[in-house]
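The values are calculated or read from the model by the stated rules, or taken from the named source; none is laboratory data. All of these numbers come straight from a predicted model, not from anything done at the bench. Here the Cβ is made from the backbone with ideal geometry for all residues, glycine too, and neighbour counts use every protein chain on show. For accessibility, only protein heavy atoms count, side chains too; no ligands or nucleic acids. Shrake-Rupley method; radii C 1.70, N 1.55, O 1.52, S 1.80 Å.
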Amino acid sequence: MSLKTHQLLKNKKKNILELWMKNQLADEGLREDLISNDELRSQSEELITALVGNLSSENFTNFDADEWSPVIEILGGIAITRARQGFSPRETGNFVFSLKEAILEVLQQEITNDPTVLFQESLKVNRIMDSLSVVTFETFIKGREEVILRQTDEITEISTPVIRVWDGILALPIIGTLDSARTQIVMENLLQEIVETGSSIAILDISGVPAVDSLVAQHLIKTVSATRLMGAECIISGIRPEIAQTVVHLGIDLSNIITKATLASALAYSFKVMRLEVKKIGTISKF
């Protein structure tokens, strides 16, 4: 009966598409804010065309056959697109589940005289559609991971800005915990800015770092060493009393690094090193 079933699905493609669209549009969870009905129909038509177009007697029960590659590619593209648009895994999964319901409904309408055959063919359709559902979830998760990684990189870039506070003086306020990956980004951004601006002093402000342990301290020391290799002096500011106590208790040696309690103190020290003097010229008269 498989020979007839795969051909039946090809002949009934239009019926399946209409039932599928009806199922999707009737779903209370339909995200009309994320996808238009026209786009939904376009995605559905593309997938059903590839699905029935690649069905044959040889691959009807063999999902590993090469003929399934175009179907998997189209479905994967739809899943990734939906992941980026903000769909949930459940909403994306329902896209395939509603197609399975439409195909099974067509089988029930066409195979009416032999319940055993209907059961057997329905099982085969279920296996195919369940395999496609797994592909959907795997691809969706991969797409969401890519989004999360990209957002993480963007947040990391935003949270490590190198600021040119004065001619020859850079400041890099660090907010959050330092790990190996973030330290690498901090060093790259800082060293690149030193080269581009020709600055001779860099201030690392850690007032936004919640705690300093031995690992964070080692990351700071590496950054200071890299900065010095570029010919610039590095100052660490934002040393709060609790951080100072932690550093002492851990036995971390920062004696060869210039440290200041505040960013203002570090800036004042930098002015002194560069033989700069900032003076208050008095109040501005109002007219």
Problem set entry | Scope segment 189-219; condition within 19 Å of GLY251 (Cβ to Cβ) and open to solvent by 50 Å² or more (accessible area, probe 1.4 Å); matching residues | ALA211, ASP213, SER214, LEU215, GLN218
Exercise. Of the residues in segment 153-165, how many are closer than 23 Å to ILE194 by Cβ, surrounded by 11 or more Cβ atoms within 10 Å (Cβ to Cβ) and modelled with pLDDT under 75?
Worked result: 5
Exercise. Would you pick out the residues in segment 182-213 that are under 23 Å from VAL247 (Cβ atoms) and in a helix (DSSP H, G or I)?
Worked result: ARG182, THR183, GLN184, VAL186, MET187, LEU190
For this session: Answer yes or no as to whether LYS22 is open to solvent by 70 Å² or more (accessible area, probe 1.4 Å), in contact with a helix residue (DSSP H, G or I) (Cβ under 9 Å, 6 or more places away or on another chain), at pLDDT below 85 and on the phi < 0 side of the Ramachandran plot.
Result: no
For this session: Six or more apart or on different chains, Cβ under 7 Å: which pairs go from a residue in segment 136-159 that's farther than 30 Å from PHE97 by Cα to one that's modelled with pLDDT of 70 or more and open to solvent by less than 90 Å² (accessible area, probe 1.4 Å)? Could you list them?
Result: THR156/ARG182; THR156/ILE185; SER159/GLY176
Exercise. So which residues in segment 143-152 are of a type in the set (Asp, Glu) and surrounded by 13 or more Cβ atoms within 10 Å (Cβ to Cβ)?
Worked result: GLU146
Exercise. Could you say whether any residue in segment 37-55 is within 20 Å of THR5 (Cβ to Cβ), of a type in the set (Lys, Arg) and without any contact (Cβ under 8 Å) to a residue 60 or more places away in the chain?
Worked result: no
Exercise. Looking at segment 5-16, which of its residues are open to solvent by less than 50 Å² (accessible area, probe 1.4 Å) and in contact (Cβ under 8 Å) with a residue 60 or more places away in the chain?
Worked result: THR5, LEU8, LEU9, ILE16
For this session: Could you tell me whether LYS279 is farther than 13 Å from ILE174 by Cα and more than 37 Å from the chain's Cα centre (by Cα)?
Result: yes
Exercise. How many residues, within segment 214-267, are part of a helix (DSSP H, G or I) and among the β-branched types (Val, Ile, Thr)?
Worked result: 9
